[in-house]
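Let me begin by presenting the structure, written as structure tokens, before commenting on it.
The values are calculated or read from the model by the stated rules, or taken from the named source; none is laboratory data. Keep in mind that this is a model prediction, so the values were computed, not measured. Note: ideal-geometry Cβ built from the backbone for every residue, glycine included; neighbour counts use all protein chains shown. To get the accessible areas, we keep the full protein, side chains included, count just its heavy atoms, and leave off ligands, DNA and RNA. Shrake-Rupley method; radii C 1.70, N 1.55, O 1.52, S 1.80 Å.
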Amino acid sequence: MGRLAVESVAVTALNVLGQAAGFLLYAVIAGLFGADARTDAFFLALTIPALFYGPVVNAISSVLIPQLTEWRLGPAQDVGRRIGTTLLWVGGVSLAAMALVGLTAGPALDLAAPSISAEARAEALADTLRLLSLIPIQGVAAVLAAVFQAWGRFRLPVIAVVARQVGTLTLVIALQPALGARCLPLAFVGGSLLQLATLARFWRVLGLRLAFGARPEPDLARALRLALPLIGGSAALQLGLASTRFLAAGLPEGSVSVLDYAGRISTALLDLLSGGALMVAFVDWSRAASEGALDRLRVQVRRAAQVILFVLVPLAAVLIACRHPVVELLLARGKFSADAAGLAAATMAFFFAWIPVEALGQTYVRLLLAWKETWRIGILATARLAVVVSAALALVGPLGVRGLAYAELLASAATSIAVILVVSRRLEENPLPWLVTTLAKTALCALAAYAVAAGIAATPWPAALRLALAGTSGAGAALGVALILRHEPLQWIRAGLSRAPGARTES
């Protein structure tokens, strides 16, 4: 467990670099292009290829890692051939999806966003076609990243993501003077190519020689069967995201961009704060699940959930209190107007509340993946799509963009509750006693953090200074309350950070 803790810290540290570049990327885009019809067209276009590569990437990173772990323990001469065949199939399917999207993008835009102008539709279609190559690039990159993770090289996929973010940012800055907003799809494709090239460059550290075959292995076919409901579920999730963006296209100009800025910043924060730890934990939980170690899984998952709540709920409270300084620091410069900044701040409040809710749900979903119960994930994702679409349709009229963000929060909360109940039943555990206690104590920590942060955020100081002071003071207030309450997650965090690599623990 000590090695896993060290890897989690290392991956999280690398995530900081990648997400810092990501925050800077969207700050630069907001400053250069603002939130208008042209950026709306780009962000609308970006959701279309994501409908295809998003589910594939999610399925690969979820289902393929346990399968690769089994292959790694098998005969060495078969591993390279199996991985090569997987790459060949993923690349072929991705190219077919790319062709399908290219043929249907125009009618899809007409059907999904009938209220947008002819000029905006033309720009969105052109950007969609420019972004099509993301489908095969991201598919192949996901396979390579899964191999690195299954071999315990958790840091290299994150390094590749850092390269993608930095590359995209560099290309936006370099191409903007000559191409204007048309540089955005080219920059995003170029950054993804750099991510793929980085993974290929470090491939030799695995010592694997690839061989390609057209006929899939029986266990690869089995993994595909497991992946099908997960792909369907991921497609439902992507459809939910796309539905809110297309509904936003019917609102005043800039609404799609504001929703996308807020959503992407919150998603980046979620990945930064929990992605590394969950990535490492997933491999460990997959091993425990294959060994049938139910008692160990019960303890590990419960503690992971409690730590996530303890860390992220007070942080979300601080971010909600500081939503205006966050927007000032990341977005409100250059062409990003004051009206767009106010709308973005109001929208971000819902997305910041979404972060701990979504992280908790993703923690329990990892265990379903470790058990290879992907059909349950597909059902949950489909139900989530129904919730988000229903809530978005009901709320977009009275609340506008804020209603769409609220719909995503409600859908995430409903899904998280459902997956906790499903997994807890499988673990033969009643989650209510520890969950209610943890939420009650964590809520007190969050209230203290919010009160302190809100007071600092209201001062006239520079945004960066307000954020730094509010963050540190809010964290101090939350920690003080946790110490008074003797909140268990704080003790586990302190113990985990003090362990040497390889130290043995009861979990």
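Descriptive notes on the structure:
- The A495 and W375 beta-carbon pair, evaluated with R₀ = 56 Å, returns a calculated FRET efficiency of approximately 0.90.
- Å² of accessible area per residue within the range 151-278, as computed with a 1.4 Å probe and no ligands counted: 43
- Distance (nanometres) between label positions extended 7 Å along Cα→Cβ at T437 and L103: 5.9
- In plain terms, the chain from R287 to I173 could stretch by 36.6 nm, reckoned as 0.36 nm per residue minus the Cα-Cα distance.
- Across the chain, Cα pairs under 8 Å and at least six residues apart give a relative contact order of 23 percent.
- Taking a ≥ b ≥ c as the square roots of the Cα gyration tensor eigenvalues, the range 117-245 comes out oblate, since a/c reaches at least 1.5 and a/b does not exceed b/c.
- Cα gyration tensor category, rounded, prolate or oblate, for the range 1-151 with a/c compared to 1.5: oblate
- Solvent exposure ordering (accessible area, 1.4 Å, most first) of E291, E328: E291, E328
- Diffusion constant of the range 215-270 at 20 °C, which comes from Stokes-Einstein with the Kirkwood Cα-pair radius and 1.002 mPa s, µm²/s: 157
- Percent accessible area from carbon and sulfur atoms, the range 291-415, protein chains only, probe 1.4 Å: 64
- Inter-label distance, nm, simple model (7 Å from Cα along the C-beta direction), A200/L447: 5.7
- Residue-span extension gain [R81 to L95] - 0.36 nm each, minus C-alpha spacing: 2.9 nm
- Per residue, the range 307-411 exposes 35 Å² of solvent-accessible protein surface, assessed with a 1.4 angstrom probe and all protein chains in place.
- Each residue of the range 175-185 was assigned a 3J(HN,Hα) from its phi angle through the Karplus expression (A = 6.51, B = -1.76, C = 1.60, θ = phi - 60°), giving 8, 4, x, 8, 10, x, 5, 5, 6, 4, x Hz with x at Gly and Pro.
- Packing rank of 341-354, 86-99, where each peptide gets the mean count of other beta carbons within 10 Å, highest leading: 341-354, 86-99
- Over the range 285-333, the alpha carbon radius of gyration divided by the compact-protein estimate 2.2 N^0.38 Å works out to 1.88.
- Between E119 and R222, the contour length at 0.36 nm per residue exceeds the alpha carbon distance by 32.5 nm.
- Checking (i) 33, 31, 21; (ii) 43, 31, 20; (iii) 36, 26, 23 against the coordinates, the calculated semi-axes √(5λ) of the Cα gyration tensor in Å falls under label (i).
- Area accessible to solvent at D271, 1.4 Å probe radius, in Å²: 60
- By the equivalent-ellipsoid construction on the alpha carbon gyration tensor, the range 247-289 comes out with semi-axes of 36, 11, 4 Å, ordered largest to smallest.
- Along the chain, longest interval not containing exposed trypsin sites (Lys or Arg not before Pro), exposed being DSSP loop plus at most 10 other Cβ atoms within 10 Å: 1-485
- Label positions at A214 and A386, each projected 7 Å from the Cα along the C-beta direction, are separated by 4.3 nm.
- Surface share of carbon and sulfur [accessible, 1.4 angstrom probe, percent] for the range 69-179: 67
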